[in-house]
Amino acid sequence: MSAATDLLFAYGTLMRGLPLHHLIEGRAEFVATGSIGGRLVDLGGYPGALPGGSGTIRGEVYRLPSAGLLTALDSAEGPEFPRGLTPVRLDDGREARAWTYWFKGSVNGAVPIPHGDYRSHVTARETER
């Protein structure tokens, strides 16, 4: 993979401590936390990132060792989550471009996550139960 395309921005269940992290754990190198522009919604058991708007989505950036891992993640994410390159602002102020999975399905019934942080949203949701 070229240096311009070997980063992945994870904003949901691929992040550390969440259900699908095992797909990249031990295979991808954690780089930093950061944010992208867009809107985040809760689709039930996972979030969806929507491009546009003035919001910010929080997440984690990983360096992927091979295109094969990215292809496997594409398969796991499915057709409603096409991958695209997007600008990322790392928490230390650096900027990068990383792949992220944008949601392209119906948002009917989706719950907005206005603060754009799925981890804190899940924690609050679990606390309410």
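Here, each number is a calculation from the coordinates, and none is a lab measurement. All of these numbers come straight from a predicted model, not from anything done at the bench. Glycine gets a Cβ as well: all are built from the backbone with ideal geometry, and neighbour counts include every protein chain shown.
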CD proxy at 222 nm, helix term only [per DSSP H run n ≥ 4: -39500 (n - 2.57); per residue of the chain; nearest 500]: -5000 deg cm²/dmol
Charge dipole (debye, nearest 20) of the chain; +1 at Cβ of Lys and Arg, -1 at Cβ of Asp and Glu: 140 debye
The stretch 6-21 residues near the modelled Val107 label - backbone nitrogen below 14 Å, point 7 Å along Cα→Cβ: none
The chain, relative contact order in percent, only Cα pairs under 8 angstrom and at least six apart counted: 32 percent
